[in-house]
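The values are calculated or read from the model by the stated rules, or taken from the named source; none is laboratory data. Quick caveat, the model's predicted, so the values are computed rather than measured. Virtual Cβ from ideal backbone geometry, glycine too; neighbours counted across all protein chains shown.
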């Protein structure tokens, strides 16, 4: 805990330390969702998080970095800044201000909303279900695209589900590409078999072609 008081004018600050970032990560760094994590995340709360209109900030920087993945494949997050605002008791808005993954800067513009629909009156997060909605734009190198959630993404906080939604559609429209492909629409279906299973299988539809893949 870096700052435990809301009454000194700068809110509460604390660190979440997942351990060293050197790979391979230790077996003890395997989290309950099956993913391995390492590094330090800083959290800043302007007011108590449960209050309506409460604002908080999630930060990762180069000093510590953050890694997440499986035993054999990791994403390295060197920079991350997310602003979170509670709109209602069970509704949060997320705004990504800065994100750098594997030394590539990814610029976001838009808002992602998360609403809890199951587990509202039970303690803890396990067993909770959430719906994600939102839209915006993103830029990665020479690539620019719009994104929108065509059908709400359903996220279950259950063993084996990880961070992958079990239902919903995510649409990407290419605005600019080094391959000179524009206005191309890509649809990611997180529930191609309509069973809300935590099987990590998604269906990608691009130019009328369907491809099923298993997300790591």
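Within the bounds of the stretch 93-101, is there any residue that is more than 14 Å from the chain's Cα centre (by Cα) and at pLDDT below 90? I'd like the intermediate steps shown before the answer.
Here is the first cut: in the stretch 93-101, the ones more than 14 Å from the chain's Cα centre (by Cα) are none.
Taking every residue of the stretch 93-101 in turn, none turns out to be more than 14 Å from the chain's Cα centre (by Cα) and at pLDDT below 90.
Only strands (runs of 3 or more DSSP E) wholly contained in the stretch 15-98 count here; list those with 2 or more residues that are over 26 Å from residue 5 (Cβ atoms).
Details: elements: 36-45, 55-60, 66-69, 74-88.
The qualifying strands (runs of 3 or more DSSP E) are 36-45, 66-69, 74-88.
State yes or no: is residue 116 under 23 Å from residue 156 (Cα atoms), over 14 Å from the mean Cα position of the chain (by Cα) and surrounded by 17 or more Cβ atoms within 10 Å (Cβ to Cβ)?
Numbers: under 23 Å from residue 156 (Cα atoms): yes; over 14 Å from the mean Cα position of the chain (by Cα): yes; surrounded by 17 or more Cβ atoms within 10 Å (Cβ to Cβ): yes.
Yes; evaluated as a whole, the condition is true for this residue.
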